[in-house]
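Remarks on the structure that follows.
Derivation of every value follows stated rules applied to the coordinates shown; laboratory data play no part. The model shown is predicted, which means the values in this text are computed figures rather than measured ones. Here the Cβ is made from the backbone with ideal geometry for all residues, glycine too, and neighbour counts use every protein chain on show.
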Amino acid sequence: MSLGEAQELIVAATAHAAELAVNIAAVVLDPAGRLVAAARMDGAPLMAVDMATGKAYTAAGMGAPTEVWEEATKADAGFGGAITSVPGFTPFGGGKPLTDAGVLVGAIGISGGTVEQDVEIAQAALDAH
């Protein structure tokens, strides 16, 4: 994941968020969960950066979209309690793994809208990439 690629993802995410009239934070991490790029739109909640980072970290670390874990924790409270004890694990929709030819190359996390909006914005960024 290059800085240029990460910035393109953030531009696509913030453009889609603007279309939805939602102020978000967007974070792109490498496959090891290290920061590549981040942005916080004017008016986005302060904690959105931390939430977006957690979502990207979870997507990279688990290799799956974070909405999968949100649904799993709703279905099984015991599982939810156990998995959320893992430091940094953020089981809310808006985190998507980034792959190239099936290989994990990073992750994007979006926060600031509703869960549905965050998921939509993250997917829009991937689709534009």
**Report entry** Linear extension gain, GLN7 paired with LYS74, 0.36 nm per residue minus alpha-carbon span
**Finding:** 20.8 nm
Query raised in the report: Can you give the helix-only mean residue ellipticity at 222 nm for the chain, where every DSSP H stretch with n ≥ 4 adds -39500 (n - 2.57) and the sum goes over all residues, rounded to the nearest 500 deg cm²/dmol?
Result: -15500 deg cm²/dmol
Requested in this report: Using a 10 Å cut-off on Cβ atoms, rank the peptides 69-81, 51-63, 114-126 from the highest mean neighbour count down.
Outcome: 51-63, 114-126, 69-81
Report task. Quick one: which residues, 5 or more positions from VAL36 or on another chain, have an amide H under 5 Å from its amide H? H modelled 1.01 Å from N in the peptide plane, none for Pro or chain starts. Result -> VAL28, LEU29, ASP30
**Report entry** ALA82 versus ALA21: modelled label distance in nm, points set 7 Å from Cα along the beta carbon direction
**Finding:** 4.4
Report summary line: Over the Cα atoms of the stretch 2-41 the radius of gyration and the largest Cα-Cα distance (Dmax), both in Å, equal 10.4, 32
Query raised in the report: Hey, what angle do you get for helix 3-19 against the long axis of the chain, alpha-carbon based, 0 to 90 degrees rounded to 10?
Result: 90
Query raised in the report: For the chain, what relative contact order do you get, as a whole percent, if you take Cα pairs closer than 8 Å and at least 6 residues apart?
Result: 31
**Report entry** Under the Karplus curve 6.51 cos²θ - 1.76 cosθ + 1.60, θ = phi - 60°, whole-Hz ³J(HN,Hα) for the stretch 54-59, x wherever Gly or Pro sits
**Finding:** x, 5, 5, 4, 5, 5
Query - C-alpha center-to-center spacing [the stretch 1-31, the stretch 39-65] in angstrom - result: 10
Query raised in the report: Out of GLY112, GLY102, THR90, whose Cα points farthest toward the positive end of the dipole of the stretch 68-128 (charges: +1 Lys, Arg; -1 Asp, Glu; placed on Cβ)?
Result: THR90
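Show me the three semi-axes of the equivalent ellipsoid for the stretch 1-124, from the C-alpha gyration tensor (sqrt of 5 times each eigenvalue), largest first, rounded to whole Å.
On the way: eigenvalues 91, 59, 28 Å².
Equivalent ellipsoid of the stretch 1-124: 21, 17, 12 Å, largest first.
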Report task. For a quick protection proxy, order the peptides 24-31, 86-93, 8-15 by their average other-Cβ count within 10 Å, most packed first. Result -> 24-31, 8-15, 86-93
